[in-house]
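Undergrad: To start, I am sharing the structure in question, which I have written as structure tokens.
Quick note: the coordinates plus some simple rules give every number you see, no bench work behind them. A quick note: this is a predicted structure, and the numbers were derived from the prediction, not measured. A quick note on method: Cβ atoms are made from the backbone with ideal geometry, for glycine too, and the neighbour counts reach across all protein chains shown.
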Amino acid sequence: MILTQSSLQRSNGELPVHAAQGGSSLVFMPYRARLLVLAPLIAGSTALDGAFNMTGLSRAELDSMLFSGSKSVFLLLTAPLCSSCAILETHWGDLAAAHLSSAKLLVAYVNCTTAFRKSGHGQTFLSRHKITKYPALRYFNPPVVPERWVDGKTLVGGMRLEVYNGSKKFQALHAFAETLSPMCNVTRYIDTWSDDRYCSEEERTAILRPYLQLSTAQLTRSLASLQQQKQQVDAEIPVLEQQRMRSFSGMRYPGDETPQRLMGRKVAKEDEAADLAAEIRKTELSLQMVLEKDEF
């Protein structure tokens with residue numbers, strides 16, 4: 001169907017539009033309520049100017065832009081003939097303009113047309129990130145953390161977009177966008193301290209400030225204690241995995257441990273080991289900096 005201004009006019013004040021899923025049947029809706037949606041189709045929308053258009057990217061290109069870059073991403077998933085989308089697109093263009101020169105944030109969008117939704121990579125993308133209605137807002141702060149099971153049943157981490165459930169008013173979107181930034185930290189499963197893409201010198205100093213207040217002797221003792229603790233935890237992880245595998249054969253352990261419970265215990269130990277590894281890393285970095293300072 002070719003949309004023209006004359007085809008939009010109806011004597012009863014209603015406007016025919018295709019269904020959102022691209023069907024051939026017409027749905028009659030109040031003219032004034034849908035004018036905002038159809039006006040861009042007639043005149044050409046500039047509402048999203050400034051936001052990065054990811055619609056035409058392949059699956060590999062999408063993953064690269066979203067998860068392999070040095071910027072956080074705030075992503076709008078919009079669709080044609082969606083009144084809520086049209087309103088949000090105006091805010092999105094303004095948000096993109098406000099962060100156009102940002103070194104930390106990329107404001108982008110995907111236009112989920114019928115062609116995109118039916119394409120192989122489009123279906124995979126929408127399914128993986130659980131996009132079922134529009135508009136949808138997602139975000140990601142790099143780097144990618146390892147994919148793992150939590151409590152033996154919930155998969156977290158990996159290349160997954162986080163859901164934004166806040167207000168869609170411009171002020172709220174802008175305030176949230178200001179909090180998005182690549183993670184400069186040394187913590188569980190994240191170590192970007194040495195990566196200049198994520199950390200400035202000021203941020204590095206802030207991470208180690210509590211440790212740099214300790215003496216060389218204190219840092220040395222702390223490092224030895226942390227390494228001993230991690231060695232003990234590391235030794236427990238394969239034991240739990242062996243017990244979990246044996247539990248599938250019907251063998252029982254104290255407390256009627258099920259495979260799921262054993263997986264939960266194993267994941268908890270892996271997280272504890274990762275926390276200890278982060279503490280060791282920060283202590284080692286601090287000790288190195290203190291020793292270098294003492295040399296001068």
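Undergrad: Tell me, what is the percent relative contact order of region 201-295, built from C-alpha pairs under 8 Å that lie six or more residues apart?
TA: Rounded, it is 47 percent for region 201-295.
Undergrad: Let me ask you something else. Which ordering of 89, 241 is given by a fewest-first count of other beta-carbon atoms within 10 Å?
TA: By the 10 Å Cβ count, ascending, the order reads 241, 89.
Undergrad: Quick query: amide H of residue 72 versus all other amide H atoms, modeled in the peptide plane; which residues come in under 5 Å with a sequence gap of 5 or more or a different chain?
TA: 105, 106
Undergrad: Could you pull out every residue, at least 5 positions away or on a different chain, whose amide H is within less than 5 Å of the one on residue 150? Hs are placed 1.01 Å off N in the peptide plane, and Pro or chain starts have none.
TA: Under 5 Å from the amide H of residue 150: 155, 156.
Undergrad: Further question on the same structure: In nm, give the distance between the simple-model label positions of residue 70 and residue 231, each being 7 Å from the Cα along the Cα-to-Cβ direction.
TA: That separation, rounded to one decimal, is 3.9 nm.
Undergrad: Listing 258, 154 from the residue with the fewest other Cβ atoms within 10 Å to the one with the most, what is the order?
TA: The order, fewest Cβ neighbours first, is 154, 258.
Undergrad: So if I place +1 on the C-beta of Lys and Arg and -1 on the C-beta of Asp and Glu, and nothing else carries charge, what would the dipole magnitude of region 201-295 be about its Cα centre? I want it in debye, nearest 20.
TA: It comes to approximately 500 debye.
Undergrad: Just to check I understand the Karplus step: with θ = phi - 60° and J = 6.51 cos²θ - 1.76 cosθ + 1.60, what whole-Hz values come out for region 95-107, glycine and proline as x?
TA: Ordered by residue, 3J(HN,Hα) equals 5, 4, 5, 5, 10, 4, 9, 5, 8, 10, 9, 10, 9 Hz.
Undergrad: Compute the relative contact order of region 162-257 as a whole-number percentage, counting only Cα pairs closer than 8 Å that sit 6 or more residues apart in sequence. Kindly include the intermediate steps, with their values, before the conclusion.
TA: Numbers: 28 pairs, mean separation 10.6, N = 96.
Computed over region 162-257, the figure is 11 percent.
Undergrad: Calculate the radius of gyration of the Cα atoms of region 186-264 to one decimal place, then report Dmax, the largest Cα-Cα distance, as a whole number, both in Å.
TA: Taking only Cα atoms of region 186-264, I get Rg and Dmax of 19.7, 55 Å.
Undergrad: What net charge is computed for the residues neighbouring residue 54, neighbours being all others with C-beta under 14 Å from the C-beta of residue 54, Lys and Arg scored +1, Asp and Glu -1? Write out the running numbers ahead of the final one.
TA: On the way: positive: 59, 71, 138; negative: 61, 63.
Here the count lands on +1.
Undergrad: Then there's this: Just to confirm a number: summing +1 for Lys and Arg and -1 for Asp and Glu over residues other than residue 134 whose beta-carbon lies under 14 angstrom from that of residue 134, what do you get?
TA: Charge balance near residue 134 sits at +4.
Undergrad: Just list whichever of 71/168; 104/293; 71/169; 104/230 have alpha carbons separated by over 28 Å in the model shown.
TA: Flagged as over cut-off: 104/293; 104/230.
Undergrad: Something else: Determine, for each peptide in 66-72, 279-285, the mean count of other beta carbons within 10 angstrom over its residues, then list the peptides with the highest first. Don't jump to the answer; show the numbers that get you there.
TA: Working: 66-72: 17.4, 279-285: 19.0.
Per-residue Cβ counts within 10 Å, averaged per peptide and sorted highest first, yield 279-285, 66-72.
Undergrad: Given H placed 1.01 Å from N in the peptide plane, which residues other than close sequence neighbours of residue 52 have an amide H under 5 Å from its amide H?
TA: 107, 108, 109
Undergrad: Moving to a separate point now. Taking the Cα centre as origin and putting +1 on Lys and Arg beta-carbons and -1 on Asp and Glu beta-carbons, what dipole magnitude results for region 52-182, to the nearest 20 debye?
TA: Dipole size: approximately 340 debye.
Undergrad: Report the local net charge at residue 112: Lys and Arg +1, Asp and Glu -1, summed over other residues whose C-beta lies under 13 Å from its C-beta.
TA: Net local charge, residue 112 excluded: +3.
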